[in-house]
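Following this message is one structure expressed as structure tokens.
The values are calculated or read from the model by the stated rules, or taken from the named source; none is laboratory data. Predicted model, so just to flag it, every value in this text is computed and none were measured. Because the Cβ atoms are built from the backbone with ideal geometry, glycine has one as well, and the counts that use them run over all protein chains shown. Calculation scope for accessible area: heavy atoms of the full protein, side chains included, ligands and nucleic acids excluded. Shrake-Rupley method; radii C 1.70, N 1.55, O 1.52, S 1.80 Å.
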Amino acid sequence: LAVVAGAALAAGSAAADDDSDDHATKLYAGVGLGVTDFSSDHEGIGYSDTPVGWQLYGGYEVREGAAIELAIERLAGIESGDLLGSGVDRLRISADHSSVTARGVFNLSLQEVLRRRQKVTVFGTVGVARLLEEKDVTELVTSRSTSVSERDTALALSAGVTFEVAGVRLRTYLQSIDRDEGDLNS
């Protein structure tokens, strides 16, 4: 992440030298809300849920059509329901999931192609996500409870569309993070 931030600062100072007459900021930020198809496992026992989560993101437009972005995402209230464990054991898993993602954003404006010159942009991202899953596992037969934290690093890919309405940009996209213990599709 430090390398990405350093590259953004270096690119930003180079861009500022080239575009000294341009007073428009190349920084942007946003907030997101989404639904994630979450799947994971605990000691070989798979579980899944579809929690609602939030995301904060910000970026710097390095040049037209390319930006560097940092995003923080949080999924809370992941509940497995009752799961069949080994033998006659039954488990209940409650989890929270957090991630920090550094990504490159590449976009293409469709304004010249659309009839009414609407401000619509398609984009794709590629990046690296650092993930943290904190889960509480309860064995229902014995009422024994344990807490587990797992960290992972994964490739994050997304594709989407940005619409500009009354000077506000709205974006919608599909994101996939390929983890060792299951994918996160948002």
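Can you tell me the order of 159-168, 100-109, 135-144 when each peptide is scored by its average per-residue count of other Cβ atoms within 10 angstrom, highest first?
In decreasing order of mean packing, 159-168, 100-109, 135-144 become 100-109, 135-144, 159-168.
With a probe of 1.4 Å, find how much accessible area the stretch 30-105 has per residue, and write the answer as a whole number in Å².
Details: 3610 Å² over 76 residues.
Value returned for the stretch 30-105: 48 Å² of accessible area per residue.
Rounded to whole Å and sorted largest first, list the principal axis extents of the Cα atoms in the stretch 28-180.
Cα extents, longest axis first: 64, 26, 20 Å.
Could you tell me what percent of the accessible area of the stretch 122-178 is made up of carbon and sulfur, with a 1.4 Å probe and every protein chain present?
On the way: 1940 of 3380 Å².
Within the stretch 122-178, the accessible surface is 57 percent carbon and sulfur.
Related question: Using a simple charge model, +1 on the beta-carbon of Lys and Arg, -1 on the beta-carbon of Asp and Glu, nothing else, what dipole does the stretch 48-186 show about its Cα centre, in debye to the nearest 20?
820
Give, as a single signed number, the net charge of other residues whose beta carbon lies under 12 Å from the beta carbon of Ser80, with Lys and Arg counted +1 and Asp and Glu -1. Write out the running numbers ahead of the final one.
Numbers: positive: Arg90, Arg92, Lys135; negative: Asp41, Asp49, Glu79, Asp82, Asp136.
Spelling it out: positives minus negatives among the neighbours equals -2.
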